[in-house]
1. In the stretch 172-198, what residues are among the acidic types (Asp, Glu), under 22 Å from Arg138 (Cβ atoms) and buried (at least 16 other Cβ atoms within 10 Å of the Cβ)?
2. Specify which of the listed residues (Val159, Val142, Val186, Val151) is touching a His at 6+ places or on another chain (Cβ under 6 Å) and at pLDDT 95 or above.
3. Does Ala120 fit the bill of being under 17 Å from Val159 (Cα atoms), part of a helix (DSSP H, G or I) and without any contact (Cβ under 8 Å) to a residue 60 or more places away in the chain?
4. Working carefully through the options Glu107, Glu168, Glu83, Glu188, find the one that is more than 17 Å from the chain's Cα centre (by Cα) and not aromatic (Phe, Trp, Tyr).
5. Is there any pair with a first residue in the stretch 177-197 that is assigned to a helix (DSSP H, G or I) and aliphatic (A, V, I, L, M) and a second that is open to solvent by 40 Å² or more (accessible area, probe 1.4 Å) and modelled with pLDDT under 95 whose Cβ atoms are under 9 Å apart and which are 6 or more apart or on different chains, and what are they?
6. Kindly list the number of the only condition in (1) part of a loop (DSSP other than H, G, I, E, B); (2) under 15 Å from Gly23 (Cβ atoms); (3) open to solvent by less than 60 Å² (accessible area, probe 1.4 Å) that fails for His104.
7. Out of curiosity, is Ala122 crowded, with 18+ Cβ neighbours inside 10 Å and closer than 30 Å to Leu51 by Cβ?
8. Which pairs do you get when a residue that is without any contact (Cβ under 8 Å) to a residue 24 or more places away in the chain, found in the stretch 89-115, comes within reach of a residue that is open to solvent by less than 80 Å² (accessible area, probe 1.4 Å), reach meaning Cβ atoms under 6 angstrom, with the pair 6+ apart or on two chains?
Amino acid sequence: MDTLILVRHALAGSNRDGVASCGVPGAGLTPEGVEQAKALRRLVAPLDVSLGVSSELARTRETLALALEGRDVPTLAFPELNEIDYGAFAEGPLDAYRAWAASHLPEEHAPGGGDSRASAAARFARGLRAMLARPEERVLLVWHALALRYVLDASQGLVPAPLITPVEHAVPHALERADAVRAAGVLEEWCESPRFRE
């Protein structure tokens, strides 16, 4: 892989309703989300995409399918790329999870057997390494907000924060190979002794 095009999935029902959704398949796209994914198709049309990748969740898979509609591009879904497991907060208000996350350490797992931010980041780094090992030159990866923010920040040398800066739906962000390698390395090192940045 030489270039990774990262995109947050288009608007899903869970986003509209403020629900912490992490189970497979989860809610699909709203009508607004479908239009966002079609707009994404126009944005990536000039790019020579070699492979499309998503998580296993419907909102990423549907976005990817619409973005690549009409093109003969192979697609894959990787479980390592799935949304963070919200544990007992799953299918409840996302704001309740965010309130918990803001006051707990990165190595603390969400109640009910969920992920910690550190374990999720380690999984995201493994997914990123899997992308880097692909033979295709340009990969379009449709992902989730937390993972995308962690990787974009890590590509700039920044470790995760307690609460993430929002990531816009269906807007592409290109990382060259060196930036993706840096992001994976920053997350892997952070997971060994996780402390949030200020």
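1. Correct list: Asp179 only.
2. On inspection, the qualifying residue turns out to be Val142.
3. Criteria met by Ala120.
4. Only one candidate passes the filter, namely Glu107.
5. Every condition considered, no pair remains.
6. Among (1) part of a loop (DSSP other than H, G, I, E, B); (2) under 15 Å from Gly23 (Cβ atoms); (3) open to solvent by less than 60 Å² (accessible area, probe 1.4 Å), the lone unmet condition for His104 is (2).
7. Against the criterion (crowded, with 18+ Cβ neighbours inside 10 Å and closer than 30 Å to Leu51 by Cβ), Ala122 qualifies.
8. From residues that are without any contact (Cβ under 8 Å) to a residue 24 or more places away in the chain, the pairs are Glu108/Ser116; His109/Ser116.
The values are calculated or read from the model by the stated rules, or taken from the named source; none is laboratory data. Note that the coordinates shown come from a computational prediction; the quantities given were computed from them, not determined experimentally. Quick reminder, even Gly has a Cβ in these numbers, built from the backbone with ideal geometry, and neighbours come from all protein chains shown. Note: accessible area is taken over every heavy atom of the protein model, side chains too, but ligands, DNA and RNA are not part of it. Shrake-Rupley method; radii C 1.70, N 1.55, O 1.52, S 1.80 Å.
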